[in-house]
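Student: Encoded as structure tokens, here's the structure I'll be asking about.
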Amino acid sequence: MKKMPKRYVGKNIFKVDAQDKVTGKAQYSDDIYFDDMLYLKIKRATYPHAYLRRIDISKAQKIPGVVKIITAADIPEVKNFGLIIKDQPVLIGIGRKMRYMGDALAIVIAESKEIASKAVKLIEVEVEKLEVISDPLRAMEKDAPLIHQDSNILATHYLEKGDVKKGFTQADVIVENEYKTSFLDQVPLQIEAGIGVFDPETEIIKLWAATQWLHDTQADVAQSLGLPKEKIRIIQPVIGGAFGKKEDISVHIHLALAAIATKRPVKFSYTREESMIAQSKRHPFIIQMKTGVTKKGYLTACQVEVIGDTGAYASSGLAVVHKGMYHCTGPYNVDNVKGVAHTVYTNNTYCGAMRGFGATQMAFAYESQMDILSHKLEIDPVQFRLQNAYNHGSSTPNGQILTHSVGVKETIKEAADMTGWKEGR
Amino acid sequence: MKKQGRGMATIMFGFGYGEGFPDHSIASVEIEDSGKILIRTAAADVGQGVLTVITQIAAEVLKVKPEIIRIIPGDTHLTKSSGSTSATRQTFFTGNAVKEASEGLLSNIYHYASIEFRSNHVELEIKDGYIFRNDNPNYRLSYWELADKVKERGDSLKAEASFFPHTDKPDPKTGQGEKLYVAYTFVTQIVDVEVDTDTGVVEILNVYTAADIGKAINPKNVEGQIEGGTVQGIGMALMEEQVIKEGITLNPNLTGYLIPTSMDTPRFVTRLVENEDSEGPFGAKGIGEPATIATTPAIANAIYDAIGVRIYHLPITPEKILKALKEKRKNK
């Protein structure tokens, strides 16, 4: 089918925001400034898993320039937040648990960043330490202390297509390996930052803070503060990268609380260290993968077990881990598939979205398996992939029949063609 | 000794939230007084280029130069939800919403112009923001002049549209479902590496990428996504790891947590596979996430090709390579 020629679609026009960015005209959160602005810092957890027994802000409060210190006792009505499950506390109260080093214990608002930082250091905290669970395998053991109220296994998802047992009996070669990935930071250039302003006339809280999901962040802030959604107005500044890290709430609720409490504009910018410790990570996966193939090189079965460490809070973890499992075969026809995926709480920094959302970790496993199998079978890796790759009408591990835009074979052929790939290299 | 190797990986990525989750994007397009056409969307541009993509789509449909398009900055009180910039969904979702809203606006331009010109639609033609009758091109109305006339009639020239495709919830016991994701993007990468067997250091030489993205709305943007994603994948494969021991991060800074720099960036060769067969705008699919997925396994496979050892635990650091090489020699 011949398509109509287009004037702008398919053309390399300049990015519409490029000029503002390269000339410095673009306003990022941290560039926004008000004359009577205050600065916010957070006193964070002092131990990864502990009950907060006492918090003493008296010394911190005495520092000149400290305007207000908010602890959980000041905001009893504020509710937990979270992308899928509302399991993240805004501030940890006395007798409540801190579950990772990023948990917030107090909001310090001061006339300058330096004063706020100094005051944070003078907040005294007493905790009752609990066993720190850093290993998801330990978290899954029956005698492991619970990090939240229910099981440390936040969710278990299943995948089953065809008959995996039969699939392995049809296989001439079976390869089974364990793959592990690490905690990754998304490392956007821009660190979490924002400004909060309370308008006493309209009682609207204005937030200038980047988010990947404007109206969802608004909803989460509003429900946490017990306010109607329209009382939270989020204005998107220019965003300096996200890669999944700006899906979760970061500065937003703390800024809103500070703006309400002080009636002055408040700015909060994380440090890189704070960003790495307190804000979401890519899930480390433990993937046990078993793949069966005939001696002619046709895949017959794939079995996978995934354990995803989601850290202290759910964030988008339960979606990430099973989405990874749902991609376990890669773009190849496999009639018999079986999988189980556990999303597990630990006392590590919580994990959420990062580019690829579980499918990135899974590809390391399935494409390593493909390479190992092609060597074992002595089949050229290009040929091996081509003969197993999806066509129109192929079925994914979820049994979804692909009816549109299945160009996987073309990508294999084009990539091979670019390198002048010859069989056997 | 320096040893070269080549590895490949082919990946798929089902994009959009999928799985029956309500996933939609709302956009509106209106003729503005200022001589511009205004798009309202909450789609966050995190650098990936969605604002450029929707500018091109609106310009294409409305037959105006891209400079005429203005996009309101995301604001909960001035825009409706466009969903998140995640799940590789914005080109597909907001792209479709903007395309449909633009088509809605264009339809209204024809509708009201046909009243002004006392003609039917087939006699009308549009060029560069002007509408006129075929038989009298000198008598023409700009979109903005037409908008004024529409205003006199108590209406306005604008259109809102949304894109809200259906997906199925997977069966909880089996994960099976008819349509889990709106579409899949496919990518193949072939990577050439050089491994120094004395130091364990891996250098990425060439990365060849072929990506099935349906249709590139802006090919340079797509290439940019692929190159950025690949560099992120190089980080994941070779160096990035936030080390958390007993709940404590040991390297919470960019001294201890290494990411690739321009010095680690390879030569890129990229080809786009464009079958224009997807349900996205003009046949486009998303590339944001798939851009990074193939890189890590392709590198792992290239390292195996170069030195015959396979590392199963990321990142594949020089220490792990040297240890594996030592074990390999021992076992010989």
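FYI, it's all coordinate maths here, none of it is from the lab. Being a predicted model, the structure only gives us computed values, none of them experimental. Don't worry about glycine lacking a Cβ; one is built from the backbone with ideal geometry, like all the others, and counts go over all protein chains shown.
Student: I'd like the distance between the alpha-carbon centres of segment B:136-193 and segment B:262-280, rounded to an integer number of Å.
Tutor: 23 Å
Student: Helix A:317-326 versus the longest principal axis of chain A: what is the Cα-based angle in degrees, 0 to 90, to the nearest 10?
Tutor: Approximately 10 degrees, to the nearest 10.
Student: A further question follows. Quick check for me: using +1 on Lys/Arg Cβ and -1 on Asp/Glu Cβ, what's the dipole size of segment B:140-205 about its Cα centre, in debye to the nearest 20?
Tutor: Working: 8 positive and 13 negative charges, 182 e Å.
In debye, rounded to 20, segment B:140-205 gives about 880.
Student: Quick one: of A:Lys206/A:Lys246; A:Lys21/A:Lys113; A:Lys79/A:Lys129; A:Lys246/B:Lys151, which pairs are farther than 30 Å apart, Cα to Cα?
Tutor: Values: A:Lys206/A:Lys246 18 Å; A:Lys21/A:Lys113 26 Å; A:Lys79/A:Lys129 25 Å; A:Lys246/B:Lys151 41 Å.
Long pairs (Cα-Cα over 30 Å): A:Lys246/B:Lys151.
Student: Can you pull the mean other chain C-beta count within 10 Å for peptide A:139-152?
Tutor: Across the residues of A:139-152, the mean count of other-chain Cβ atoms within 10 Å is 0.
Student: Once label points are set 7 Å from the Cα along Cα→Cβ at both B:Arg310 and B:Met263, what is their separation, rounded to one decimal in nm?
Tutor: Taking the simple label geometry, B:Arg310 and B:Met263 are separated by 3.3 nm.
Student: Let me ask something additional. Using a 7 Å offset from the Cα along the Cα-to-Cβ direction at both A:Lys121 and A:Ser58, what is the distance between the two label points in nm, to one decimal?
Tutor: Distance between the two pseudo-spin positions: 2.2 nm.
Student: Could you tell me what % of all Cα pairs in segment B:25-163 have separations over 19 Å?
Tutor: Counting every Cα pair in segment B:25-163, those more than 19 Å apart make up 48 percent.
Student: In terms of modelled amide H atoms, which long-range or inter-chain residues lie less than 5 Å from the amide H of B:Leu205?
Tutor: Here B:Asp192, B:Val193, B:Glu194 satisfy the definition.
Student: Next question. With 27 Å as the limit, write out which pairs from B:Lys158/B:Lys220; A:Lys231/B:Lys80; A:Lys281/B:Lys320 have Cα-Cα distances beyond it, or answer none.
Tutor: Where the Cα-Cα span goes over 27 Å, the pairs concerned are B:Lys158/B:Lys220.
Student: If you find the alpha carbon centre of segment A:232-251 and of segment A:352-390, how far apart are they in angstrom?
Tutor: If we compute the Cα centre of each part, the gap is 34 Å.
Student: Using the structure shown, list the pairs from A:Lys290/B:Lys173; A:Lys121/A:Lys263; A:Lys6/B:Lys99 with a Cα-Cα distance above 22 Å, or answer none.
Tutor: Result: A:Lys121/A:Lys263 exceed 22 Å.
Student: Please get the size of the charge dipole for chain B, origin at its Cα centre, with Cβ charges of +1 on Lys and Arg and -1 on Asp and Glu, quoted in debye to the nearest 20.
Tutor: 1000 debye
Student: First obtain the Kirkwood hydrodynamic radius of chain B from its Cα pairs, then insert it into the Stokes-Einstein equation at 20 °C and 1.002 mPa s, and state the resulting D in µm² per second as a whole number. Walk me through the numbers before you get to the answer.
Tutor: Details: Rh = 22.8 Å.
Once the numbers are plugged in, D ends up at 94 µm²/s.
Student: Could you tell me the distance between the Cα centroids of segment A:11-77 and segment B:24-41, to the nearest Å?
Tutor: 33 Å
Student: What are the trypsin sites (Lys or Arg not before Pro) within segment B:81-145 that DSSP puts in a loop, where the Cβ has at most 10 other Cβ atoms within 10 Å?
Tutor: Here the trypsin sites (Lys or Arg not before Pro) that fit, given the DSSP loop and packing criteria, are B:Arg118.
Student: Work out, step by step, the length gained on full extension between B:Glu123 and B:Glu160: first 0.36 nm times the residue separation, then minus their alpha carbon distance; give nm to one decimal. All intermediate terms of the calculation are to be shown ahead of the outcome.
Tutor: On the way: separation 37, 0.36 × 37 = 13.32 nm, distance 2.63 nm.
Length gained between B:Glu123 and B:Glu160: 10.7 nm.
Student: Same structure, new question: Could you work out the local net charge near A:Leu255, counting Lys and Arg as +1, Asp and Glu as -1, over the other residues with Cβ closer than 15 Å to its Cβ?
Tutor: In short, +4.
Student: Which whole-Hz couplings ³J(HN,Hα) result when phi for each residue of segment B:206-220 is put into the Karplus expression 6.51 cos²θ - 1.76 cosθ + 1.60, θ = phi - 60°, listed in order with x for Gly and Pro?
Tutor: For segment B:206-220, the Karplus-derived couplings read 10, 10, 9, 10, 10, 10, 8, 10, x, 7, 7, 5, 9, x, 4 Hz, x marking Gly and Pro.
Student: Tell me, what are the semi-axes, in whole angstrom and largest first, of the equivalent ellipsoid of segment A:201-303 as set by the roots of 5 times the Cα gyration tensor eigenvalues? Could the numbers behind the result be given before it?
Tutor: Working: eigenvalues 372, 49, 28 Å².
Semi-axes from the Cα gyration tensor: 43, 16, 12 Å.
Student: Which aspartates and glutamates have a Cα less than 15 Å from the Cα of A:Lys118, not counting those fewer than 8 places away in the same chain?
Tutor: A:Asp56
Student: Under a point-charge model restricted to the Cβ atoms of Lys and Arg (+1) and Asp and Glu (-1), what is the dipole moment magnitude of the protein assembly as shown relative to its Cα centre, in debye to the nearest 20? Walk me through the numbers on the way to the answer.
Tutor: Working: 91 positive and 93 negative charges, 196 e Å.
The dipole of the protein assembly as shown has a size of about 940 debye.
Student: Quick one: A:Thr310, B:Thr79, fewest Cβ neighbours within 10 Å first, how do they rank?
Tutor: On the way: A:Thr310 29, B:Thr79 22.
If I rank by nearby Cβ atoms, fewest first, I get B:Thr79, A:Thr310.
Student: Could you tally the net charge around A:Tyr179, taking each other residue with its Cβ under 15 Å from the Cβ of A:Tyr179, Lys/Arg +1 and Asp/Glu -1?
Tutor: Residues near A:Tyr179 contribute -2 overall.
Student: Taking chymotrypsin sites (Phe, Trp or Tyr not before Pro) that fall in a DSSP loop and have at most 13 other Cβ atoms within 10 Å as cut points, what is the longest piece of chain A between them?
Tutor: A:35-425
Student: Next question. Can you compute 3J(HN,Hα) from phi for each residue in segment B:134-145, using the Karplus curve 6.51 cos²θ - 1.76 cosθ + 1.60 with θ = phi - 60°, rounded to whole Hz and x for Gly and Pro?
Tutor: Here the 3J(HN,Hα) series is 3, 7, 8, x, 6, 8, 9, 10, 6, 3, 6, 5 Hz.
Student: At most 14 other Cβ atoms within 10 Å and a DSSP loop assignment: could you name the trypsin sites (Lys or Arg not before Pro) in segment A:108-164 that fit?
Tutor: Working: sites: A:Lys113, A:Lys118, A:Lys121, A:Lys129, A:Arg138, A:Lys142, A:Lys161; in loops: A:Lys142.
Loop-located and lightly packed - A:Lys142.
Student: Just counting partner chain Cβ atoms within 10 Å, what average do the residues of peptide B:186-193 show around their Cβ?
Tutor: Whole-number average of other-chain Cβ neighbours for B:186-193 is 6.
Student: Taking neighbour Cβ counts within 10 Å as the exposure measure, how do B:His77, A:His157, B:His24 sort from fewest upward?
Tutor: B:His77, B:His24, A:His157
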